[in-house]
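These notes are about the structure you will find just below.
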Amino acid sequence: MAAVAALPVSLSGRFKGSFAYFTIKDRLPQILTRVIDTLHRHKNEFFEEHGEKGVEAEKRAISFLSKLRNELQTDKPVTPLEDGLPDAALWNQYLDYQRNLSNGNGEPSWFQSPWLYVECYMYRRIHAALAQNPPIDNFDVFKEGKAQNFFESQEAIIALCTYFQELIKNIKDLDEKQLQEELLKLLQVSLWGNKCDLSFSAGEDSSQKSSPLLSLENLIPYILVNDMEKLWSLLVSTKKSNAEKSNVRIDIILDNAGFELVSDLVLADFLLSSKLVDEVHFHGKSIPWYVSDTTKHDFNWTIKKLQAANHMWMSRCGINWEGNLKKGTWVYHDHMFWTLPHDFSSMAEVAPDLYADLQKSNLLLFKGDLNYRKLTGDKKWEYSVPFHQALNKFHPAPLCSLRTLKSDTLVGLKPGQGEQIQASDPDWMESHDHVLLDIPVTREQMNHYRDAAETAQSELAVLSVKHVCVQSELLELRSRMVSKEASFQELKAEAERYKENSARQMSRLQSLQTRVQEMEEEACFLATSKNQAELTAQAAFKENQELKEELHEQSAKLNLISKYLSKYEESMTQASKISRKYEELLTQLSAFLDTDIREKEEPQEYLMSKVSEMCKENLTLKDQVAAFQEGVNVHEMESKASRETIMRLVSEVTKEQKKAEGYCQDMEKLNKDLGSAVIGRQSLEMEIRNLQDKLTTNQKALDAAKQELHNLKKSSSELDGSLKSSKEETRNAQSSLVSFKEQIATLLSSGSAIVKPSEKAILERIQEINCKEESKEIMISQLETQIAKLTEALENQTRLYQEALERSRKAEKCSETFQDQVKYLEEELLAVDLIQDGLKLEKQKYLKFLEQLNEKMKLDSLAAEVGFDMNVNAILARVEQLLKMEGDAVMENKTMAYSLRRKLKTQKEKLESKELHMNLLRQKITQLEEERQGRTALAVERDEANLAVRKLHKMTERLQKQLDLARETNTDLKAKLSETSELKIKTLEQNRTIEELNKSQGKLERMKEKVEKQLSSVKSELLLKERKAAEDKEKNKNMLEAVTSEVKVLKTTLAELEKREKQLAEFREVVSRMLGLNIASLALPDYEIITRLEELTHAHQHHYFPCVCLKAVARAPEEHSQRNIRLLH
């Protein structure tokens, strides 16, 4: 048996910075606050439906949920469920299982437990908060969000339903390939519909706004694992195999309500309509779960809403799906296991009935992120782990997972695929942008793959043998081809390697230097911190010493106080003793007096004397007692003060002790910090030593590499350096110098001035350009000063214009105030005119009255004199005259006179009242005249203001003209500025060109120096080589002379040899003829002649001579070859 690989760690909030940590820290509390908010918003609804019971239940549920939120945020331990619901026992068993996993490391808490368990536990507690508080126990807190998601996705649902209904019309006419394409489309729609998840967005809007069918092709690259082709082939094969036996069943484990549920229903209807499947079983949640997960109520509500929709195809879909439910081709299940914290690998143990039901299915479609997490156990798998391995033996039937990435769990990727996406998008795991459509391998497929793999392996073995043979042949051919170039390439490769190694070592050295600098900085920082800590420690020591001194002083004070108290007690005891003695004396005196009175002869005198003495003694004793009492009071006051001081000192001592304890604790902390700093410093010193050792080793390696490089360079220079290459290099350098000078001369030469390609001419031209540039710079500086002056003038003009504008505004405001005053005065004038008209009317009435008086009193002559003054004295005088003239008549008619007097009195009174009225009118007239004068003055002021306004208008016109002129000048200045900017740009370009020319000049000078150095080195080498060549020439001449002499000698010897050869040939012919041998035969060997001659007695003389000749001939070519070898050397 092979060992089972250990499962990876579960995702948890204890890994800070992970997606699980941020979910538990931020997203889950947000969901709980939204739940509390929805309950609070439905408070009135609960009151209307259930009365006060509903409100109280709402309050209890909110308190339960707020407590749950507090537990979550403060990382409290997970508590067992005590709600008595059917699944509570399973939840508590799972909690015990988590406790056993912790191995005594504490209770499972929110951040320390697995993320999947904690998240499921929160939703189960939300359900318990409502289930324990009837009558709101059936209220779905996530219902509003799911309904809102459905209604906000109306456009996408309408587009999907219309597309599906048009597809169903022509579904019979589709061939197998078209059916496959349509199935893949609807699978992608269902896959991307999983993005609409409210639990991921913490209850915020996540609806599908537009039609998903329009963007399917663009979204295909974001599908990380795409097994749709396998899914199609699996459906087709199951349909063919089960065509006669039984119905083909598919189970869809649902995820989110809203648009995703509609897309799942469309996919299920398509599978039924295309007859790929005979039954579809839906699996949803039994309680509200993960904000937007589908419950039975959501399933039925969605179909009813589609039935009641105004859109034709939506209502058609709803009617058809209701019919499928009634027929039994669609079945809905809501098993309790889907809302438990267990992963699916434990389904066979926890829910065997559900596992047995799923085994009846031909295909299981798991929708969403939560189902994927439960399939893989929500563990920290590697990306390249196969999907079937992550399932952990969960395989009731062939299954497929459709999931949008919303968490860190991911398997089934190709090697390196996850890392590549991670590099391009760090947040790809939580971005909703990548999806999976993954199918694990079945057993039949595995067997088929194994057989195919075995056959392929056998073929591979044969091919590998052939491949090895071919490779061996190729290698031989390559080795033959490469052997000639191998040495040169190896040398080059070694040089490059040395260069690379040197570069790497230099980079490492730099990095090490930076690290050393950082370590030095850290060491400095540690030293400063150590110094600070030492300073603080010294300060603390000083404070401790001061406190100790204060404690000693206070202890001394306490000792003094205790002595003082002891003295006080002694004085008190003495006073008590004296009082006792005094009492005893009194008793003794009384007793003594009683006895003395009887015995004495003169008791009165004796008594008086005794009494006087006793009184005196009493007085003295009273004085002493008073003094003692005052002393006692003083001592008591001093004791109270000393007690208070003692209490204060005790409190101060306790405070100082606490401070001392705090200082001691700080000292201990500082000592610990010092110890840790010392340890850190030691570790840093060790690291620095190690780094220094590494530096030394690297420097040694560098030195060795440099030496090797130097040796290689020497060998390469010795190999490559020759006379021809040096001459060619010098010629090339001279030609490049000449061409470079010509190029510089052409660049520097203008139309008129032509620069010669010489160094002096080029330098003179560059100096001229520099002089021109300096003059241009001077011109630019002058222009800049002019521009600055013009800008200052412009600023002054703009300032004047602004001041004029402000004055015009003030004048306009003054004119407006004057106009308001004028309007007010005009209104007052109208009122005065009205009053004048009223006075005129009264005046006319008064004049009529006077005329009537004139008629009656016959005062026509006086009426003209009266006028407007209405002199009453004249009227009275006239009346007196009339009375004198008619005195008799008056005397006779007293009654008439009396009546007239009365009338006169009344008229006088009326006249007086009218005089008063007239005085008032006169006063009013004077006031009106003053007002008229004021009005005239105002009119004058108004005219002056109008004139001022006109003047201001003229001034504004002038200023506007000046402004226009200033603007024109400004535009001219801007144009000049643009020209100056262009000049600046040109000057900058020229400066750049000058800098480039200077750089090129510097480069040229460097090149010149290098070339001069090279030329000098080449000249020196040439001189050396010329000397060597001259020496070689002399040697060669000597050798040639020797050789010529030797050649002459050789020629003479050769001539002699030829003569001797001829003589020998003739001699051989003679000898052979004498010996009777056939000379015409070419293959006449010498040994025959020699054997014949040996037989002869006189053959010795004739044999010695040719041997000597042959030896001489043999020596001659050897000497010639040796001479040639010497010449070569």
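Numbers below:
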item: Sites residue 770 and residue 496, calculated FRET efficiency, Cβ-Cβ separation with R0 41 Å, nearest 0.05; result: 0.40
item: Label-point separation in nm, residue 743 to residue 41, each point 7 Å along Cα→Cβ; result: 7.6
item: Residue 139 accessible area, 1.4 Å probe, all protein chains in place, Å² to nearest 10; result: 30
item: Kirkwood hydrodynamic radius of the stretch 103-163, Cα pairs, Å; result: 15.1
item: Distant-in-sequence amide H partners of residue 399 (H built 1.01 Å from N, under 5 Å); result: 364
item: Modelled FRET efficiency - R0 22 Å, residue 93 with residue 348, Cβ distances, 0.05 increments; result: 0.85
item: Sequence-separation-based contact order of the stretch 248-328, relative, with Cα cut under 8 Å and 6+ spacing, percent; result: 28
item: Nonlocal amide H pairs with residue 410, under 5 Å, H built at 1.01 Å; result: 381
item: Gained length - residue 689 relative to residue 233, 0.36 nm times residue gap less alpha-carbon distance; result: 157.5 nm
item: Accessible-area ranking of 76, 840, largest first, probe 1.4 Å; result: 840, 76
item: Gain on full stretching of the segment that runs from residue 922 to residue 420 - 0.36 nm per residue minus C-alpha separation; result: 169.9 nm
item: Accessible area in the full protein assembly, largest first, 1.4 Å probe, for 403, 27, 1060; result: 1060, 27, 403
item: Given 239/393; 146/380; 239/374; 143/195; 414/466; 823/951, the pairs whose alpha carbons are separated by over 20 Å; result: 239/393; 146/380; 239/374; 414/466; 823/951
item: Per residue, in Å², the accessible surface of the stretch 234-392 once ligands and nucleic acids are set aside, probe 1.4 Å; result: 35
item: Rounded accessible area of residue 321 (nearest 10 Å², 1.4 Å probe); result: 0
item: Where a label projected 7 Å from the Cα of residue 1021 along Cα→Cβ would reach, residues of the stretch 984-1015 with amide N under 14 Å; result: 1011-1015
item: Label-point separation in nm, residue 835 to residue 644, each point 7 Å along Cα→Cβ; result: 8.2
item: Residue 782/residue 964 FRET efficiency (R0 25 Å; Cβ-Cβ; nearest 0.05); result: 0.30
item: Alpha-carbon gyration tensor eigenvalues x 5, square-rooted, for the stretch 22-77, Å; result: 26, 12, 5
item: Accessible surface of residue 814 - all protein chains present, 1.4 Å probe, nearest 10 Å²; result: 70
item: Mean Cβ count within 10 Å, highest first, over the residues of peptides 1000-1010, 119-129; result: 119-129, 1000-1010
item: Which of 290, 222, 824, 801 is most accessible, then next, and so on - probe 1.4 Å; result: 824, 222, 801, 290
item: Potential lengthening between residue 215 and residue 148 on full extension [0.36 nm per residue; Cα-Cα distance subtracted]; result: 21.8 nm
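The values are calculated or read from the model by the stated rules, or taken from the named source; none is laboratory data. Note that the structure is a prediction, hence the values are computed from the model and not measured. A quick note on method: Cβ atoms are made from the backbone with ideal geometry, for glycine too, and the neighbour counts reach across all protein chains shown. In case anyone asks, the SASA skips ligands and DNA or RNA and just uses the protein heavy atoms, side chains included. Shrake-Rupley method; radii C 1.70, N 1.55, O 1.52, S 1.80 Å.
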